[in-house]
Amino acid sequence: MLVEKSIKDLEQAILNYNIESAKYSAKKILDEGIDTAAAIKAATKAIREIGEKFHKGILFLPHLVMAGDAMMAASKILEEGISKEKRERLNKGNIVIGTVQGDIHNIGKNIVATMLKSEGFVVYDLGEDVPIERFIEKAKEIDADIIAASSLMTMTMPVLKELIEELERKDLGNKFKVMIGGGSITQEWANEIGADGYGRDGPEAAEVAKRILGA
Amino acid sequence: MVLTFWEAIERTKTGPHMDETEFNLNLWKIVDALSKEYDFKYDPDMIFPNDNQLADETWEAGLRAAIELGIHCKDTKRIAKFSEEEIKEFLKTSTGKDTGLGEGGDAVKMLHRSTGDDIEPIVCAGIQTAIWSDEQIAYKIYKLCAKEPSTDGIWGGIVEKLADKFQVKINEPSEVYQYRKEVEILRKAIKDAGRPGIFISMNAPSAVATVAMADPQNGIRRTDPLGMGVYEELKINYEYANRTGFAIAYGTKSRFGEGHAYIGGFSGGPATAPIVIVAGALLSLFFSGADDEHIAKYGISTKCNSTHISIKSRAHPSVIYAVSLALQAISRNCNIPCSGYGCDHPVAGPGTEQYFYESAAGNIAQVASGASGILGGTRKFVVGETLNFGSPLESKWMGEVIKSSSGLNLRQANEIVKEIYPKYKDKLEKGYSNGFTFKQLYDIEREIPKPEYQKLYDKIKEEFEELGLRFKKF
Ligand code: B12
C-alpha cells in the first residue's frame, strides 16, 4: 500500500508540474526503499500523458516544460538509489541536440529535447545557431551516443550534410549517430546525406533515437 | 517624449537578469493568471469574437502583461522593462498613420482603422520568403504579383542556388550576394509591371544580408519596410535589433512594432494568446526606432502576429480567433495603425479550393477586426523541398478579398466566415492537399493562370459573392 502511495504521489507531482513535491516524493521513495526503477517508470507514464495532451492541443508548451523539469528533478534523486549498472541500463543514451549554425528557429528543437528527456535520454541542449565544431566537441566531452540536429530552412540544410562529412573526416562517423529533423527536412534528404535517423515530430524523434541505439 | 530605441537597447543591458526558460514560464504564469482573473474563455465555434467588452478587457490585460513582463533579450539574458506612462506616451504621440510606404503615385498611407471601417487596408502580397529554382521564375512571379492592382506591396524570396550551382547558405557570402541580387530582380520586376514605387518587403536571415539590400536606386529604399526589433513571445535578439539600428541611420520611413504569440506555446491557447499579442504589439514600439520627430513626420505602426505551434498554418481557427481579438483590442483602444500578420497562410497549399477558403476566412476576420494593413503575403507553410510553390493568383485573391471586405462589420464578416468554415473544418489537420507549383498552375509563357485554375478562382469568387461579399472592381 505504502509503495503505491509514494509512487502515486510522484506521478501526481509531475502531473501538477510541482518540482518541490516531485523531489519530496522521490526522497520518500528512496527512504522507504521502494524500487526506484518502478518509480521512474511511473514518472515516465505521467510525462507521456502530458505529452499526449500537448500533442492534442489540450496542454501547452509550458506544461510540457514544467512537467519535464519536475520529472528531471525527481530522476536525479531517484538515480542515487540505483546501482551504477542499473543506472546505465535506465539511461537510454546521451544526446547532444541543437539547431544548426545560421538558424535560430528553436521551438521544434526544444519540444524534441523535452520529449527525449522524458523518454529517459540524457540530453545536452546547445541551443540554436550552433557551429558544427560545438556539436562535435560537446559530443566528445559527454561521450554522446547521438548528435541530434535541427534545421528549419533550405538555406541551413547543407549544414547537416557538412556535419556528417566532418564526422567522417574526423573518423567519428561510427562513434556518434546523427539524427536530424526540422521543417525543411525529409526522410529522403536524410537518406541522401547518410543520416542515421530522421524524425517528423517529438514522439517520432524519441522512437527513432531508441531504434538507432537498439534500445 | 517617447523613449528612444537607444534608451530601450540600454535597458536590455541593464535590466534584471533572467534565464530564457524562466522568462518563458513566467510569461505563461502571468497570462494564465490574467485570463483567469478576466475569465477569458475560448469558444471554437465562435471563429472570431464580436464582443466589445472582451476586446477592451483584452487590451487591459495586454497592457498589464506588458508592464509586468517587459521584453527579454536573448543576447544579454536581461529584461528591458517599461512603465505604463512610457507605453502610453506612444499612444499619445501617434498621429494615427504610418505614411512611410511606397513612393510617388504608388505610395500608400496606412491609417488607423476601427472595427468594420470603410477605409481599405494596405495589402502586401507576393509569396513570402519563397524559394525559387532560378532568377527568371522569381522575376516572372514578382512581376505578375505586382501587376495585380489590388496589391500595394510585394514580398521577395530567394533562389536556392547562386548561378544555378552553389547552394545559398546563411552567414556566408552567398547569402549576402544573392539577397542583394534578388532585391534588384524584384525592383526590376515591379518597374516592368508599371508600378515602380510600390513598397517591397524583404528580410534576409542575417542582419548583414538585410542591410546589404539597402540602396535607394536598385534595392530597399527608405520607403520600404526595413528593421525588426522584436520577435516571438516578447523576446528580442540583437541580430534583429541590428536591422533597426541601421534603419534609423538609413532613414527608413516606416517604423513598426510587432506582437507575436505561439498558439500552444508559452502563450498558451487562444484564450491567453491575445494578451501576449497585445503586450508584444505595445512593447515592440520601443524597438521600432521611432522617436517624437519621426512619429510627427511619418507616424508609427504595429502588427499582430501568431503561429500555431504544431499545425503548419497561420489561418487555423485558433489563430484567427487570437489575432482578430488582439486587433480589435488595439483598434478600439488606441489610434496606432495595427496590421494583421496572421490568419493568412493556410494549411492547404496554393491551387486548391481549401486554400482560397482558408485565406479568405483569415483575411475577412482581420479586416473586420480593424487591421490597418495585411502584410504577410501569400504562402504555404514549410515544404522547403518544393521550389516555386504557389502563383500570383493567390496574391490577387488576397488583395481582392481584403479590399472588398472593408466596410463589413464584425457580425457580417462572421456570418460569411461561418458559412465557409464547415467546408474545410475537417481538413485542417489531415486530408488537405499540399498544393501546387507555379508551373502546375500557370501557363508561364502567356503569363496567365491555366484555365482550370482560373475556373476554380471564378467559382470560389462567385460563392463568396453569394454569401454577401461585394467584390470591388480593380
Ligand atoms: C516561428 C518561425 C520563425 C520565428 C522563429 C522563432 C523561434 N524561436 O524559433 C522567427 C520569426 C524568428 C523566424 C525567423 C525567420 N524565418 Co522562420 N519560421 C517560423 C515558422 C512560422 C514556424 C517554425 C516553428 O517554430 N514551428 C513549430 C515547430 C514545433 O515545428 P518544427 O520546427 O518543424 O519542429 C517539429 C519537427 O520538425 C521536428 N523537429 C524539429 N527539429 C528536430 C530535430 C530532430 C533531431 C528531430 C528528430 C526532429 C525535429 O519535431 C518538432 C516538433 O514537432 C516557420 C514555418 C513553419 N511552419 O515551419 C517559418 C520558416 C521556417 N521561416 C522561414 C524563414 C525564411 C525565416 C527568416 C529567414 C525570415 C526573416 N527574414 O526574418 C528568419 C530566419 C532567421 C534565422 N536566421 O534563422 C522559412 C524557411 C523557408 C525555407 N524553406 O528555407 C519558413 C519555412 C517559413 C516560410 N515558408 O517562409 N521564423
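Observations, loosely collected:
- Candidates A:I136, A:I111, A:I107 - the one that is modelled with pLDDT of 90 or more and among the hydrophobic types (A, V, I, L, M, F, W, C): A:I136
- Any hit, region A:152-172, residues being within 28 Å of A:M71 (Cβ to Cβ) and either within 14 Å of chain B (Cβ to nearest Cβ) or in contact with a strand residue (DSSP E or B) (Cβ under 9 Å, 6 or more places away or on another chain) (or both): yes
- Applying the condition of being aliphatic (A, V, I, L, M) and surrounded by fewer than 24 Cβ atoms within 10 Å (Cβ to Cβ) to region B:303-321 and asking which residue is farthest from the other protein chains (Cβ to nearest Cβ) yields B:I311.
- Flag for A:V112 being of a type in the set (A, V, I, L, M), near the ligand (Cβ under 7 Å from one of its atoms) and not assigned by TED's automatic domain parsing to the domain that holds A:V65: yes
- Of B:L393, B:L375, B:L410, all but one fail to be within 16 Å of the ligand (Cβ to nearest atom) and aliphatic (A, V, I, L, M); the exception is B:L375.
- Count - residues of region A:199-208 that are within 13 Å of chain B (Cβ to nearest Cβ) and crowded, with 22+ Cβ neighbours inside 10 Å: 1
- Test: residue in region B:284-302 that is away from every other protein chain (no Cβ under 14 Å), in a strand (DSSP E or B) and within 16 Å of the ligand (Cβ to nearest atom): yes
- Remark: B:A315 matches the filter, which requires a residue to be at negative phi, among the hydrophobic types (A, V, I, L, M, F, W, C), within 18 Å of the chain's Cα centre (by Cα) and at pLDDT below 95.
- Candidates A:I95, A:I136, A:I142: the one that is touching a strand residue (DSSP E or B) at 6+ places or on another chain (Cβ under 8 Å), of a type outside the set (F, W, Y) and crowded, with 24+ Cβ neighbours inside 10 Å is A:I95.
- Every residue from region B:72-88 that is of a type in the set (G, A, S) and surrounded by fewer than 16 Cβ atoms within 10 Å (Cβ to Cβ): B:S83
- A:G214 meets all of the listed conditions (1) more than 11 Å from the ligand (Cβ to nearest atom); (2) under 24 Å from B:L387 (Cβ atoms); (3) of a type in the set (G, A, S) but one, namely (2).
Every residue, every condition in (1) among the charged types (D, E, K, R); (2) not in a helix (DSSP H, G or I), yes or no:
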residue: B:Y355; (1), (2): no, no
residue: B:S359; (1), (2): no, no
residue: B:I364; (1), (2): no, no
residue: B:G370; (1), (2): no, yes
residue: B:K380; (1), (2): yes, yes
residue: B:L387; (1), (2): no, yes
residue: B:L393; (1), (2): no, no
residue: B:K396; (1), (2): yes, no
residue: B:V401; (1), (2): no, no
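- Taken over region B:23-46, the criterion of being at pLDDT 95 or above and among the acidic types (D, E) is satisfied by B:D32, B:E37, B:D39.
- Unmet criterion (only one of (1) touching a strand residue (DSSP E or B) at 6+ places or on another chain (Cβ under 6 Å); (2) in a loop (DSSP other than H, G, I, E, B)) for B:A281: (2)
- When residues of region B:322-335 are limited to those that are among the hydrophobic types (A, V, I, L, M, F, W, C) and away from the ligand (no atom under 16 Å from the Cβ), the one farthest from the other protein chains (Cβ to nearest Cβ): B:C334
- Among (1) part of a loop (DSSP other than H, G, I, E, B); (2) more than 22 Å from B:A107 (Cβ to Cβ); (3) within 16 Å of the ligand (Cβ to nearest atom); (4) not charged (D, E, K, R) - the single one B:Y240 does not satisfy: (1)
- Residue count for region B:203-224 under the criterion of being within 12 Å of the ligand (Cβ to nearest atom) and crowded, with 24+ Cβ neighbours inside 10 Å: the result is 4.
- Screening region A:145-173 for residues that are within 10 Å of the ligand (Cβ to nearest atom) and over 13 Å from A:A190 (Cα atoms) and picking the one that is surrounded by the fewest Cβ atoms within 10 Å (Cβ to Cβ) gives A:T154.
- Of all residues in region A:186-207, those that are closer than 15 Å to A:V159 by Cβ have Cβ atoms under 6 Å from Cβ atoms of residues that are of a type in the set (V, I, T) and part of a helix (DSSP H, G or I), 6 or more apart or on another chain, in A:I193/A:I164; A:G194/A:I164.
- Per this entry, A:K53 is counted among residues that are touching a helix residue (DSSP H, G or I) at 6+ places or on another chain (Cβ under 9 Å), without any contact (Cβ under 8 Å) to a residue 24 or more places away in the chain and not assigned by TED's automatic domain parsing to the domain that holds A:I111.
- Residue in region B:137-155 that is over 26 Å from B:R222 (Cα atoms), within 14 Å of chain A (Cβ to nearest Cβ) and of a type in the set (A, V, I, L, M, F, W, C) present: no
- Any hit, region B:181-193, residues being touching a residue at least 24 places away in the same chain (Cβ under 8 Å) and assigned to a loop (DSSP other than H, G, I, E, B): yes
- One residue stands out in region A:183-193 among those that are within 14 Å of A:S150 (Cα to Cα) and more than 9 Å from chain B (Cβ to nearest Cβ): the one that is farthest from the ligand (Cβ to nearest atom), namely A:Q187.
- So B:P205, is it touching a residue at least 24 places away in the same chain (Cβ under 8 Å), assigned to a loop (DSSP other than H, G, I, E, B), in contact with a helix residue (DSSP H, G or I) (Cβ under 7 Å, 6 or more places away or on another chain) and more than 30 Å from B:E120 (Cβ to Cβ): yes
The values are calculated or read from the model by the stated rules, or taken from the named source; none is laboratory data. Just so it is clear, the model here is predicted, and its values are computed rather than measured. Note: ideal-geometry Cβ built from the backbone for every residue, glycine included; neighbour counts use all protein chains shown.
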